[in-house]
1. Expected output is a single nm value to one decimal: the length gained when fully extending between residue 124 and residue 100, i.e. 0.36 nm times separation in residues minus the C-alpha distance. What is it?
2. Read phi for every residue in the stretch 110-124 and hand back ³J(HN,Hα) as whole Hz from Karplus 6.51 cos²θ - 1.76 cosθ + 1.60, θ = phi - 60°, with x for Gly and Pro.
3. Provide the per-residue ³J(HN,Hα) series for the stretch 131-136, in order, calculated from phi with Karplus coefficients 6.51, -1.76, 1.60 and θ = phi - 60°, each as a whole number of Hz, with x at glycine and proline positions.
4. Taking the Cα centre of the stretch 1-130 as origin, work out the dipole magnitude from +1 charges on Lys and Arg Cβ and -1 charges on Asp and Glu Cβ, in debye rounded to 20.
5. Using the Karplus equation 6.51 cos²θ - 1.76 cosθ + 1.60 (θ = phi - 60°), what ³J(HN,Hα) coupling, rounded to whole Hz, does each residue of the stretch 178-187 give in order, writing x for Gly and Pro?
6. Take the Cα atoms of the chain, build their convex hull, and give its volume per residue in Å³.
7. Tell me, 228, 2 in order of fewest to most beta-carbon neighbours within 10 Å?
8. How large is the helix-only mean residue ellipticity at 222 nm for the chain, computed as the sum of -39500 (n - 2.57) over DSSP H runs with n ≥ 4, divided by its residue count, in deg cm²/dmol to the nearest 500?
Amino acid sequence: MKPLKIAIQKSGRLNEKSVELLKNCGLSFENYKSSLISPVSNFPLEILFLRDDDIPEYVQDGIADLGIVGENVIMETEVDVSYLQRLGFGKCTLKIALPNGSEIEELKQLEGKSIATSYPVILDKFLRENKISADIRTISGSVEISPGLGLSDAIFDIVSTGGTLKSNGLKPFADVISSEAVLIGRKGEENHEHVQDLIQRIQSVLRAKETKYVVLNVSQECLPEILKLLPGVKSPSVLPLAESGWVAVHTVIPERDFWNKISQLKAAGAQGIVVMPIEKIIL
């Protein structure tokens with residue numbers, strides 16, 4: 001059987017996280033920085049290293065079976081692919097930004113203005129939805145400098161921390177879309193055995209990142225209250241300790257609720273709390 005092909009960014013903000021994710025899925029491959037294709041030695045998969053703008057079309061056209069790419073790239077290229085899994089990294093927002101001294105205060109004031117962007121398709125859709133007619137000026141790279149050069153009244157671009165805007169004398173004005181890295185697949189191939197196997201591996205890694213493994217000691221009399229606080233994956237494991245009347249409780253706690261839950265556990269009588277990272281969770 002021919003190996004699957006997955007396309008990921010060769011360089012850029014998603015490359016490192018994509019490689020890390022695949023390696024955490026137990027995939028063994030080498031030389032990814034010096035080649036355009038890298039075979040995986042322990043799974044029927046080949047990794048293609050491409051420009052991010054090319055990934056959606058490669059997947060749509062069947063050159064690659066899968067791809068890891070930002071949602072914004074998919075929206076801009078308007079390809080027909082399947083969204084298989086959100087990946088939780090590469091998060092950003094595409095915003096309209098203005099020079100600090102701009103007098104524009106409302107969206108409708110963009111009427112007739114010029115906006116520089118590398119994402120004309122997404123911007124055009126947003127403007128049409130808001131019934132605004134503006135001059136979209138497509139620029140490849142360095143969009144932030146265009147107002148300072150007199151090329152535009154505003155920009156539309158990816159914003160992660162806002163540092164680049166600030167350093168170029170710009171301020172956020174309007175959020176248009178949020179984006180993160182996603183796993184995409186070719187239409188009709190979603191149920192392929194190896195595709196499903198890889199998705200399961202990815203999901204197990206993502207679940208593990210979102211949880212902590214916790215072991216705590218508690219007296220039998222406090223156990224009912226502790227159990228109310230700990231759902232676990234299915235339910236907590238409770239094991240007797242050598243000291244009579246005491247048990248050890250093993251469970252997992254979501255990262256987003258971790259510190260709040262730890263405080264509640266201590267208040268309910270938990271002692272000797274040990275917290276450990278989880279490598280994978282397979283349901």
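Throughout, read-outs are computed from the coordinates displayed, never taken from laboratory work. All figures in this text were calculated on a predicted structure; none of them were measured in a lab. Here the Cβ is made from the backbone with ideal geometry for all residues, glycine too, and neighbour counts use every protein chain on show.
1. Using 0.36 nm per residue and subtracting the Cα-Cα distance, I get 6.3 nm.
2. Once rounded to whole Hz, the list reads 6, 3, x, 7, 9, 10, 8, 6, 9, 10, x, 5, 5, 5, 4.
3. These are the phi-based 3J(HN,Hα) values: 6, 10, 9, 9, 8, 8 Hz.
4. Computed about the Cα centre, the dipole is about 460 debye.
5. Using θ = phi - 60°, the values come out as 9, 9, 8, 5, 9, 8, 10, x, 6, 4 Hz.
6. Considering the Cα atoms of the chain, their hull volume per residue is 187 Å³.
7. Arranged by neighbour count, lowest to highest, 228, 2 become 2, 228.
8. -7000 deg cm²/dmol
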